[in-house]
Amino acid sequence: MTTVSTYLRIAGLASVSLLVAAAGCASTPESAGADASSSSGLDDAQIAAIVTTANQIDVDNGSLAMERSSNPQVKQFAQRMMDDHTAVNQAAVDLVTRLGVTPEETETSRSLAASAQKTRSSMRSLSGAEFDKAYVDNEVAYHAAVIEVLDSTLIPSAQNEELKAMLVNVRPAFIAHLEHARSIQAALEGGEASEHAH
C-alpha cells in the first residue's frame, strides 16, 4: 500500500517540521548579537516542555512498535528507544524539579504531540514489513530533526547551565539512535532482517 506509506511519511514529516519550526527563529540577521533565549523566543521552562514532549513521543512510538512489529531488529530498537527516552525524560523532570522550573507548554510542544498522535494512529493500521518501514523511516527523520533543533535552538537557548549540560550530554545518544535507525532502514530496504545490537 504505497498510499498508506506515503501518508505516514507525510504525517511523520509534519512532526519533524514542527521541531524544525521551533528552531526557525533561532538565527536571524537581526538577532545575531541578541541573547540566545530572546532570539529563539524560548525560555528554560518552554525548552523543558519541548524536551519532555519529544522524548515521550519516542517512548510512545517505541511502545507501538513493540506491539505491532514482529521483526526482532525493529523490536530491539524500539525497546532501546523506550528505555533511553524514558531515562532522558526522568533526568529532565528531576532537573527541572530540583531547579523549581515548571515546564511550560508552547504551541510547538502541543502541535508536536498532536502530530505524533496522528502519525501513531496511522501506523496502527499497518502491519508486517509495511509497519516496520514506516516506523523506522519516521525514527530516522525524527532523530535527525531532534538533533537539528538541539543544535540550533535548545542548547543555545538554555539559560540554566545544568539544563544546557543535560542537553549537550544527551546529544551523542540521539546521534547513536539516528545511526542505529539508519542501519535498520538500510537493512529493511535491502530486505534483510539481520540482528543489529547497537
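Measuring max minus min along each principal axis, the C-alpha atoms of region 105-183 give extents of 44, 31, 16 Å (largest first). Here's how it looks for Q159: its modeled amide H is under 5 Å from those of D44, which are all 5 or more places away or on a different chain.
Over region 54-111, consider all pairs of different Cα atoms and compute the Kirkwood hydrodynamic radius from their mean reciprocal separation; express it in Å, one decimal. It would help to have the intermediate numbers written out before the result.
Working: mean 1/r = 0.0793 Å⁻¹.
About 12.6 Å, per the Kirkwood formula over Cα pairs.
For the listed peptides 89-100, 160-171, 48-59, a ranking on the average number of other beta carbons within 10 Å per residue, highest first, reads 48-59, 160-171, 89-100. By the Cα gyration tensor, region 47-198 has an equivalent ellipsoid whose semi-axes, rounded to whole angstrom, run 28, 16, 13 from largest to smallest. Considered as an equivalent ellipsoid built on the Cα gyration tensor, region 99-148 has semi-axes of 27, 14, 9 Å, the largest given first.
Quick note: the coordinates plus some simple rules give every number you see, no bench work behind them. For clarity, every value in this text was computed on a predicted model and none was experimentally measured. For neighbour counting, all protein chains shown are included, and Cβ atoms are generated from backbone atoms with ideal geometry for every residue, glycine included.
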